[in-house]
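Novice: Next up is a structure, given as structure tokens.
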Amino acid sequence: MNNREHNFISNVVYIYNNEKEIDYFLTKIANCMVDNFEHSEIICVNDGSTDKSLEEIKKFAEKRKADRLSISVINMNQYHGMEKAMSAGVDLSIGDFVFEFDKISRGYGEKEILMVYQKALTGYDIVSAGINRTENLSSVIFYKLFNTLFESENNLQSEDFRILSRRAINRVKSITERTYYRKAIYANCGLKQCYCLYENNPKNINKENTKSKYRVEMATDALILFTKVGYYAAIIMTFLMAVILIGVLIYAIALKIVSNPVPGWTSTICFLAFCFLGIFIVSAIIMKYLQVIVELLFKKKECLFESVEKIK
């Protein structure tokens, strides 16, 4: 870019025990912002780091004091997890476009950051970027299950960073007050979005900024909130129970015919089978009601539109 862009750009960076990578990563972002944009800011969200991450952020800010770049840090009072921490950073941002850097990574640089920004200028409100990577088994299972049950045209996949327009941020806030799993909300917000791939140096390893326990909890919450996995599980169990019931009934009747079981045994077995089937049917109904209640409480809008076009 020969001329600096006039759009105000916000960069929200998630920090959790990244003291060794902070200077390199923030320098990469700062150089990109100063060289290509008139106005920009970096918001570091320190999610209760127990190392010297905060000290490293302050050292970096002092080093870049002369730049046309605002640097802020949000210190969470304890570990909240990526979703809540990043939402706090996005709420504080004021940019026309907001970059979300969920993880510290050496895999991309100024070229890839500008590629995503330029793609957003072509009419996309949300642009995500990632590399061709071999996912671990748990990620493959999660995304396969989630995308199968998720009611959206946009499939979820691993991302390294993304950019949001101000319209996208406002849309998300109008949909729900709490951001439990941003990727799912973004995918289902009704705005135009795309996914960009870039080449990664094999020597560059992405630093995961989250606790493994948190990742499991987030995946579970996402499946419950954004899919009907509980309801489908109850339906499948009810169907299996019905098959078992038929087998038990056939066995009880056959045994009654060919032998002489204890008086009342056949009727007792049939009664218990029907009772268990009834429990699973009631469970399926309850799961359906719970799914409806979750949607009513979680979603503030029943329908979403991508754009409004005035014809005349």
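Novice: Out of the residues in segment 159-171 that are more than 16 Å from Gly123 (Cα to Cα) and open to solvent by 10 Å² or more (accessible area, probe 1.4 Å), which is farthest from the chain's Cα centre (by Cα)?
Specialist: Ranking the candidates gives Asn170 first.
Novice: Within segment 250-265, which residues are of a type in the set (A, V, I, L, M) and either surrounded by fewer than 12 Cβ atoms within 10 Å (Cβ to Cβ) or out of contact with any helix residue (DSSP H, G or I) (no Cβ under 6 Å at 6 or more places or on another chain) (or both)?
Specialist: Within segment 250-265, Ile250, Ile253, Ala254, Leu255, Ile257, Val258, Val262 qualify.
Novice: Then there's this: Kindly indicate the residue of segment 131-156 that is in contact with a Lys or Arg (Cβ under 9 Å, 6 or more places away or on another chain) and not acidic (Asp, Glu) and also most open to solvent (accessible area, probe 1.4 Å) among those meeting that condition. It would help to see each step written out before you state the result.
Specialist: Here is the first cut: in segment 131-156, the ones in contact with a Lys or Arg (Cβ under 9 Å, 6 or more places away or on another chain) are 138, 149, 151, 156.
Checking which are not acidic (Asp, Glu) leaves us with 138, 149, 156.
On the way: Ser138: 80, Leu149: 33, Leu156: 11 Å².
So the residue we want is Ser138.
Novice: Follow-up question, since we're still on this one. Determine which single condition Ile185 fails, assuming it passes every other condition in (1) within 14 Å of the chain's Cα centre (by Cα); (2) surrounded by fewer than 19 Cβ atoms within 10 Å (Cβ to Cβ).
Specialist: Checking Ile185 against (1) within 14 Å of the chain's Cα centre (by Cα); (2) surrounded by fewer than 19 Cβ atoms within 10 Å (Cβ to Cβ), the one that fails is (2).
Novice: Please go through (1) part of a loop (DSSP other than H, G, I, E, B); (2) touching a Phe, Trp or Tyr at 6+ places or on another chain (Cβ under 6 Å); (3) farther than 22 Å from Glu5 by Cβ for Ala184 and return the number of the only condition it doesn't satisfy.
Specialist: (1)
Novice: Take the residues in segment 1-47 that are open to solvent by 10 Å² or more (accessible area, probe 1.4 Å) and in contact with a His (Cβ under 7 Å, 6 or more places away or on another chain); name whichever of them is nearest to Arg215 (Cα to Cα).
Specialist: Only one residue tops the list, namely Phe8.
Novice: Exactly one condition in (1) farther than 16 Å from Ile42 by Cα; (2) open to solvent by 20 Å² or more (accessible area, probe 1.4 Å); (3) within 20 Å of the chain's Cα centre (by Cα) is not met by Ala88; state its number.
Specialist: All conditions pass for Ala88, except number (1).
The values are calculated or read from the model by the stated rules, or taken from the named source; none is laboratory data. Remember, predicted model here, so these are calculated numbers, not experimental data. Cβ sites come from the backbone with ideal geometry, for glycine too, and all protein chains shown count toward neighbours. Note: accessible area is taken over every heavy atom of the protein model, side chains too, but ligands, DNA and RNA are not part of it. Shrake-Rupley method; radii C 1.70, N 1.55, O 1.52, S 1.80 Å.
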